[in-house]
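Worksheet: one structure, shown below.
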Amino acid sequence: MNNNNGKVIGFIGLGRMGLNMATLLVEKGYRVVGYNRSEEARIAAKAVGVEVVDDISSLITALPLPKVVWVMVSSSAVDAVLNELTPQLSPGDTIIDGGNSFYKDSIRRHKALKEKELKFLDCGTSGGMDGARHGASIMVGGRPEVFAEHEHIFASLATKDGYARVGNEGAGHFVKMIHNGIEYGMMGAIAEGMTILHEHEEEFGIKLEEVFKPYEHESIITSKLVSWLKKAYDEGQIDLITGEVPRGETESEMEHIVTLGDVKVLEGALAQRKATREKASYLGKLIAAMRNQFGGHSVIKREAK
């Protein structure tokens with residue numbers, strides 16, 4: 001019997017992005033049953049209206065048929081979660097992977113889950129923590145009929161006109177991977193430009209806080225990245241970090257993209273980041289600060305003197 005009215009969803013992974021997305025779903029009228037290994041995350045989720053459980057088995061038991069489970073964990077943890085999750089699901093249930101999984105892994109998971117008569121969608125999610133909370137950019141891969149069945153979830157989580165089924169199995173995470181490559185290039189270009197301005201501040205009497213006024217408002221380079229960098233300056237973050245860009249979850253995917261075609265901008269952006277691990281730089285400060293602003297990614301702080 002199908003008694004899932006479409007507004008009940010299980011949510012595994014209540015970290016920086018997951019908690020914000022689960023909160024938004026609750027606000028949109030969904031009953032969200034959530035699980036995270038961290039007790040601190042479970043407490044935070046319960047405070048915003050998520051029906052928190054202590055393990056995956058309890059989450060599955062709490063969901064009506066057909067069950068829908070959104071997985072929002074690090075790419076390295078997805079297979080372990082699926083190995084525990086899938087034996088407890090029934091034919092016709094759906095899993096949505098909204099994290100940063102490698103597209104080839106998503107293609108493999110589509111095939112494996114199809115054999116078990118489980119539905120699967122791979123979903124690239126962008127917009128940082130703010131987007132997760134107020135409306136993200138969402139790129140979905142999978143069969144058209146499965147997407148149509150669950151489109152209301154993506155519509156609820158995305159900003160206006162900010163979601164789409166972008167292709168077949170694996171396409172969601174492939175398109176998100178390319179998005180991340182573009183993002184690397186944009187961040188590198190912004191950081192390069194601002195570094196040169198910083199180096200010529202005295203020569204021209206430049207005030208970087210004033211530069212952001214035209215840059216941030218209706219210029220060709222106006223973007224969230226520019227705004228996030230301005231916020232990092234405003235908060236004094238630039239002076240607090242060393243200038244080393246830590247290796248992130250998506251960097252291995254960027255190393256894969258360079259094997260797919262002529263991507264000199266991405267190659268340069270990768271080299272920029274890796275160079276900061278050999279010698280910290282002002283450019284590294286700016287890239288690290290932008291990453292921290294939009295995704296809460298770690299920065300290496302200066303030691304207190």
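The values are calculated or read from the model by the stated rules, or taken from the named source; none is laboratory data. Everything numeric here is computed off the predicted structure, so don't read it as measured data. Reconstructed Cβ throughout: ideal geometry from the backbone, glycine too, with neighbour counts over all protein chains shown. Side chains included, ligands, DNA and RNA excluded: accessible areas come from the protein's heavy atoms. Shrake-Rupley method; radii C 1.70, N 1.55, O 1.52, S 1.80 Å.
Could you tell me whether V211 is closer than 20 Å to S126 by Cα, outside any loop (DSSP other than H, G, I, E, B) and out of contact with any strand residue (DSSP E or B) (no Cβ under 7 Å at 6 or more places or on another chain)? So V211 fails the test.
If a residue has to be of a type outside the set (D, E), at pLDDT 95 or above and surrounded by fewer than 24 Cβ atoms within 10 Å (Cβ to Cβ) to count, how many in segment 97-108 make the cut? Total meeting the criteria: 5. Based on what the data block shows, is G34 of a type outside the set (F, W, Y) and under 16 Å from the mean Cα position of the chain (by Cα)? Judged against the criteria, G34 is not a match. If I go through segment 247-257 residue by residue, how many of them are modelled with pLDDT of 95 or more and over 18 Å from G170 (Cβ atoms)? Of the residues in segment 247-257, 1 are modelled with pLDDT of 95 or more and over 18 Å from G170 (Cβ atoms). For segment 282-296, a residue qualifies if it is of a type outside the set (S, T, N, Q) and buried (at least 17 other Cβ atoms within 10 Å of the Cβ), and the qualifying residues are L283, G284, K285, L286, I287, A288, A289, M290, R291, F294, G295.
Can you find, within segment 1-22, the residue that is nearest to N100 (Cα to Cα) among those that are open to solvent by 10 Å² or more (accessible area, probe 1.4 Å) and either modelled with pLDDT of 95 or more or among the basic types (K, R) (or both)? Give the steps one after another, and end with the answer.
We begin by selecting, within segment 1-22, every residue open to solvent by 10 Å² or more (accessible area, probe 1.4 Å); these are 1-8, 15-17, 19-20.
Filter once more, so that each one left must be either modelled with pLDDT of 95 or more or among the basic types (K, R) (or both): 7-8, 16, 19-20.
On the way: K7: 25, V8: 24, R16: 14, L19: 16, N20: 16 Å.
Result: R16.
The number of residues in segment 282-301 that are out of contact with any helix residue (DSSP H, G or I) (no Cβ under 6 Å at 6 or more places or on another chain) and in contact (Cβ under 8 Å) with a residue 60 or more places away in the chain comes to 2. Of a type in the set (A, V, I, L, M, F, W, C) and out of contact with any Phe, Trp or Tyr (no Cβ under 9 Å at 6 or more places or on another chain) - does that describe any residue in segment 191-198? So far as segment 191-198 goes, yes, one or more of its residues are of a type in the set (A, V, I, L, M, F, W, C) and out of contact with any Phe, Trp or Tyr (no Cβ under 9 Å at 6 or more places or on another chain). The set of residues in segment 132-149 that are over 22 Å from V78 (Cα atoms) and among the small types (G, A, S) comprises G135, A148.
Please find, within segment 244-281, the residue that is farthest from Y103 (Cα to Cα) out of those that are among the β-branched types (V, I, T) and either open to solvent by 20 Å² or more (accessible area, probe 1.4 Å) or assigned to a helix (DSSP H, G or I) (or both). Within segment 244-281, the match that is farthest from Y103 (Cα to Cα) is T276.
Within segment 216-243, count every residue that is outside any helix (DSSP H, G or I) and either hydroxyl-bearing (S, T, Y) or without any contact (Cβ under 8 Å) to a residue 12 or more places away in the chain (or both). Let's see the steps before the verdict.
To start, the set of residues in segment 216-243 that are outside any helix (DSSP H, G or I) comprises 217-223, 235-237, 241-243.
In the following step, the residues that additionally are either hydroxyl-bearing (S, T, Y) or without any contact (Cβ under 8 Å) to a residue 12 or more places away in the chain (or both) were identified as 217-220, 222-223, 235-236, 242.
Total meeting the criteria: 9.
More than 16 Å from the chain's Cα centre (by Cα) and modelled with pLDDT of 95 or more, is that true of F174?
Working: more than 16 Å from the chain's Cα centre (by Cα): no; modelled with pLDDT of 95 or more: yes.
No, not satisfied.
For segment 188-208, a residue qualifies if it is modelled with pLDDT of 95 or more, among the hydrophobic types (A, V, I, L, M, F, W, C) and assigned to a helix (DSSP H, G or I), and the qualifying residues are A189, I190, A191, M194, I196, L197, F204. The set of residues in segment 63-90 being over 21 Å from E149 (Cβ atoms) and open to solvent by 10 Å² or more (accessible area, probe 1.4 Å) consists of V73, S74, S75, S76, A77, D79, A80, V81, N83, E84, P87. Note on segment 220-233: residues that are open to solvent by 40 Å² or more (accessible area, probe 1.4 Å) and over 14 Å from N292 (Cα atoms) total 3. Within the option set I220, I182, I190, being under 30 Å from V78 (Cα atoms) and either out of contact with any His (no Cβ under 9 Å at 6 or more places or on another chain) or among the aliphatic types (A, V, I, L, M) (or both) holds for one residue only, I182. The residue list D93, D122 contains one member that is buried (at least 22 other Cβ atoms within 10 Å of the Cβ), of a type in the set (D, E) and touching a Pro at 6+ places or on another chain (Cβ under 9 Å), which is D93.
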